[in-house]
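Colleague: This structure is in structure tokens; I'll ask about it shortly.
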Amino acid sequence: MAPSAAEADSAASSSGRLLVLYASQTGNAMDAAERVGREAERGGCTAVDVLSMDGFDPSRLPSERFVVFVVSTTGQGDPPDSMKGFWRYLLRKDLGAQWLEGVRHAVFGLGDSGYQKYNFAAKKLDRRLSHLGAEQVIEIGLGDDQHPSGYEGALDPWLLSLWKSLNETNQSLLPRVSDINDPNLSTLGDPKVHVIYYSSNEVPQDSILSDPNKIINSARTMSPALQFHDDGGPPYMLQMVANQRLTEEGSDRHVRHFELEDPSSAISYKTGDALEILPSQNPSAVDAFIERCNLDPDCYITIRGKSEDKISNGSAVSSLMDRTKLKTFVALTMDIASASPRRYFFEVMSFFATAEHEKEKLQYFASPEGRDDLYQYNQKESRTVLEVLEDFPSVQMPFEWLVQLTPPLKKRAFSISSSPLAHPNQIHLTVSIVSWLTPFKRTRHGLCSTWLAGLNPRKDNLIPCWIRQGSLPPPHPSVPLVLIGPGTGCAPFRAFVEERAAQSVAEPTAPVLFFFGCRNEDNDFLYKDFWLAHAQDEGVLSSKKGGGLFVAFSRDQPQKVYVQHKIKEQSARVWNLLLSGAAVYIAGSSTKMPADVTAALEEVICKEQGVKKEDASKWLRALERAGRFNIETWS
């Protein structure tokens, strides 16, 4: 017979269980949550569960006594995908103000204060839990990517406060609370994964996959770091048919235009969608990693979570089709040459260092005292997993730990800059080729953009691609548009203008105002001929059609001019279009631009309607609620 709610409450309370729920989009929140779990176990908590939110039934929340939530914020204040179902449940109207009475909660958010809706998902969750009757253990913690030590700059002191408060609330929960931050008591548990190795002659030739889609699906499905956040094999393997530079050779900005198509079938996408690409890692870096770690590149492997170890080798789960070549697995799932390892990577490395000076350095990096120095060595220098391993040559980490702790190779998303009406079997991208200097003057290159830039059109280059819905919903032809897209933010609006031009052939379309910004007219006026063509005669940006093209060249005069200045110059036209039901779309850099543009629009409303700033802000919020104010930004 199932236990009653009261019995469940009693069981949860007496067991001294701590539940840690995380919602992660890139892996940071998962890492932070696992650290919470490790520290709780070190403090003597006998029952700690660390779960992704989409792996927990929210109806069971009232039976928990102590719950820690670790939540990242994505895009424009959105919750991660793994939180959406959980969040919908918490918003149910039949959950009363006492639903979570007796539950003690703590929330830690991971965000970036460069975004307008900083840590929005965590703040909303914290408020909702309190509204449902849960009691805060401590104030919400807000991790900030802009902090000199990243989100850990806030996580370290927040965890100290959390353990202190939990211990004061219930001493039996953490009977060894003083052990948590005692470096002398640090021990290494077992890795969470188990790797089974097969020699190449143990794998029949007819079971070896040759289809690139199936190879990618097999490797990435096996990766424990990707099991909750991957979409299987790519639905499209696209071929690059055009690769051209948009900025001038002498410009310090390097932006390229790519055209991709499917050699075998049609591509289905909508204007405003994004294309996700799985980049290829440099084969020489993959070889160097395998050699440094003393691995056999030609052997085949099966990877299991420790919870799956009870499955026998003869079962369907361990079928021959499950085996992937080790070198292929590393190349397709483990980001060994562009992502920086997490702090826990250094802690685990310290247990395998045989040189005393390396062990001491790694222990220092993993300690609270060494946090800032680690951040300077690791994140600020964009140090890769391969580089870190090469800097500590005495360390030989077992492959199981490397699989568990190496950051996963992630897909990169790009706004699609073409309309399917204009290019039914092509996808166009507008990509900034990323490179930067570290504090120690080392040049770093973006993995995906650099790889794409080096591909030869129409050569044998199949690119694994996924199409996902973007955050800019395609507008109806009858809706007037105010588009604001400086720099590569113009990408989705090139698609919008192409689409509206194609629609205007068959039906009347509403006016479009487009505000673009760049540094110099001669160097980085992206798609100059395209915009000018659509601004002439009967084009969708022409004044005859009620439209307009307004370009801010920030460096072509002594006084810097940005898109927000152009918006204010065109105050009356912007306001008249808004009054006629226009939708506003903003795309581009996530730093200051969205806030500056929003402030400019508020100024337009204040000036044209004669209202205060607070009323203008309310007007824009109402526009957003109506789905007529949309922002897509990237860092």
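The values are calculated or read from the model by the stated rules, or taken from the named source; none is laboratory data. No experiment lies behind these values; they were computed from the predicted model shown. Every residue, glycine as well, gets a Cβ built from its backbone with ideal geometry; the counts of neighbours run over all protein chains shown. For accessibility, only protein heavy atoms count, side chains too; no ligands or nucleic acids. Shrake-Rupley method; radii C 1.70, N 1.55, O 1.52, S 1.80 Å.
Colleague: Has the stretch 138-152 got any residue that is within 30 Å of Leu238 (Cβ to Cβ) and touching a Ser or Thr at 6+ places or on another chain (Cβ under 8 Å)?
Modeller: As a first pass, look at the stretch 138-152 and keep what is within 30 Å of Leu238 (Cβ to Cβ): none.
Within the stretch 138-152, none of the residues are within 30 Å of Leu238 (Cβ to Cβ) and touching a Ser or Thr at 6+ places or on another chain (Cβ under 8 Å).
Colleague: Only one residue in Leu483, Leu429 is more than 22 Å from the chain's Cα centre (by Cα) and at pLDDT 95 or above, so which one is that?
Modeller: None of the others qualify; the one that does is Leu483.
Colleague: So which residues in the stretch 577-602 are open to solvent by 40 Å² or more (accessible area, probe 1.4 Å) and within 14 Å of Val482 (Cβ to Cβ)?
Modeller: Selection gives Leu579, Ser580.
Colleague: For a quick check of your reading: which strands (runs of 3 or more DSSP E) sit entirely within the stretch 375-479 and have at least 3 residues that are exposed (fewer than 15 other Cβ atoms within 10 Å of the Cβ)? Even if it seems obvious, please write down each step before you answer.
Modeller: On the way: elements: 412-415, 426-432, 435-437, 443-445, 462-468.
Filter on the stretch 375-479 gives 435-437.
Colleague: In this structure, is Val505 assigned by the TED database to the domain that holds Glu569, within 24 Å of Ser571 (Cα to Cα) and of a type in the set (A, V, I, L, M)?
Modeller: No.
Colleague: Looking at the structure I just gave you, is Asp335 acidic (Asp, Glu), modelled with pLDDT of 95 or more and closer than 30 Å to Ile631 by Cα?
Modeller: Details: acidic (Asp, Glu): yes; modelled with pLDDT of 95 or more: yes; closer than 30 Å to Ile631 by Cα: yes.
Here the answer is yes, as Asp335 does meet what is asked.
Colleague: Something else about it: For the stretch 489-577, which helices (runs of 4 or more DSSP H) that fit wholly inside it have 1 or more residues that are touching a residue at least 60 places away in the same chain (Cβ under 8 Å) and more than 21 Å from Ala422 (Cβ to Cβ)? If you could, list the steps in order and put the result at the bottom.
Modeller: Numbers: elements: 491-504, 521-524, 528-534, 563-569.
Ranges flagged: 521-524, 563-569.
Colleague: Give the residue that is nearest to Ala288 (Cα to Cα), with candidates limited to residues of the stretch 344-374 that are of a type in the set (D, E, K, R) and either assigned to a loop (DSSP other than H, G, I, E, B) or open to solvent by less than 30 Å² (accessible area, probe 1.4 Å) (or both).
Modeller: Glu358
Colleague: Return the only residue of Asp287, Asp296 being surrounded by fewer than 20 Cβ atoms within 10 Å (Cβ to Cβ) and either modelled with pLDDT under 90 or not in a loop (DSSP other than H, G, I, E, B) (or both).
Modeller: Values: Asp296 fails: either modelled with pLDDT under 90 or not in a loop (DSSP other than H, G, I, E, B) (or both).
None of the other options fit; the residue is Asp287.
Colleague: Could you tell me whether any residue of the stretch 522-539 is under 25 Å from Gly627 (Cβ atoms), acidic (Asp, Glu) and open to solvent by less than 40 Å² (accessible area, probe 1.4 Å)?
Modeller: Among the residues of the stretch 522-539, not one is under 25 Å from Gly627 (Cβ atoms), acidic (Asp, Glu) and open to solvent by less than 40 Å² (accessible area, probe 1.4 Å), which makes the answer no.
Colleague: With respect to Tyr562, determine if the residue is of a type in the set (Ser, Thr, Tyr) and in contact with a Leu (Cβ under 7 Å, 6 or more places away or on another chain).
Modeller: On the way: of a type in the set (Ser, Thr, Tyr): yes; in contact with a Leu (Cβ under 7 Å, 6 or more places away or on another chain): no.
Answer is no for this residue.
Colleague: Can you tell me which residues in the stretch 218-236 are open to solvent by 40 Å² or more (accessible area, probe 1.4 Å) and either acidic (Asp, Glu) or not in a loop (DSSP other than H, G, I, E, B) (or both)?
Modeller: Thr221, Asp231
Colleague: If you go through the stretch 145-168 one residue at a time, do you hit one that is open to solvent by less than 40 Å² (accessible area, probe 1.4 Å), over 18 Å from Gly77 (Cα atoms) and not in a helix (DSSP H, G or I)?
Modeller: In the first step, residues of the stretch 145-168 are kept if they are open to solvent by less than 40 Å² (accessible area, probe 1.4 Å); the result is 149-156, 158-159, 162-163, 165-167.
After this cut, where a residue has to be over 18 Å from Gly77 (Cα atoms) as well, the list is 149-150, 152-156, 158-159, 162-163, 165-167.
Imposing the further condition that a residue be not in a helix (DSSP H, G or I) reduces the set to 149-150.
Yes: one or more hits.
Colleague: Would you check which residues across the stretch 169-198 are of a type in the set (Val, Ile, Thr), farther than 19 Å from Val68 by Cβ and either open to solvent by 20 Å² or more (accessible area, probe 1.4 Å) or part of a loop (DSSP other than H, G, I, E, B) (or both) and list them? Outline the logic, then answer.
Modeller: To start, the set of residues in the stretch 169-198 that are of a type in the set (Val, Ile, Thr) comprises 169, 177, 180, 187, 193, 195-196.
Cutting the leftovers down to farther than 19 Å from Val68 by Cβ gives us 187, 193, 195-196.
Within the stretch 169-198, Thr187, Ile196 meet the criteria.
Colleague: Please give the number of the condition Lys123 fails out of (1) charged (D, E, K, R); (2) buried (at least 19 other Cβ atoms within 10 Å of the Cβ); (3) more than 27 Å from Leu95 (Cα to Cα).
Modeller: (3)
Colleague: Looking at the stretch 136-170 only, could you name the residues that are closer than 17 Å to Gly370 by Cβ and hydroxyl-bearing (Ser, Thr, Tyr)?
Modeller: Within the stretch 136-170, Ser149, Tyr151 meet the criteria.
Colleague: Take the residues in the stretch 56-81 that are modelled with pLDDT under 90 and not in a strand (DSSP E or B), then tell me which one is most open to solvent (accessible area, probe 1.4 Å).
Modeller: My answer is Asp81.
Colleague: Enumerate the pairs (first residue in the stretch 114-136 and free of Cβ contacts under 8 Å to residues at least 40 places away in the same chain and farther than 18 Å from Ala23 by Cβ; second residue anywhere and in a loop (DSSP other than H, G, I, E, B) and open to solvent by 10 Å² or more (accessible area, probe 1.4 Å)) with beta-carbon separation below 6 Å, excluding pairs fewer than 6 apart on the same chain, so at least 6 apart or on different chains.
Modeller: Sorted first by the residue in the stretch 114-136, then by its partner, the pairs are Gly133/Ala97; Gly133/Gln98; Gly133/Trp99; Gly133/Glu101.
Colleague: Mind checking which residues of the stretch 504-521 are farther than 13 Å from Gly539 by Cβ, of a type outside the set (Gly, Ala, Ser) and open to solvent by 10 Å² or more (accessible area, probe 1.4 Å)?
Modeller: Selection gives Glu507, Pro508, Cys518, Arg519, Asn520, Glu521.
Colleague: Then there's this: Hey, any hits in the stretch 578-595 for a residue that's closer than 27 Å to Pro508 by Cβ and part of a helix (DSSP H, G or I)?
Modeller: Just the residues of the stretch 578-595 that are closer than 27 Å to Pro508 by Cβ, to begin with: 578-587.
Next, only the ones that are part of a helix (DSSP H, G or I) stay: 578-579.
Yes, the stretch 578-595 contains a residue that is closer than 27 Å to Pro508 by Cβ and part of a helix (DSSP H, G or I).
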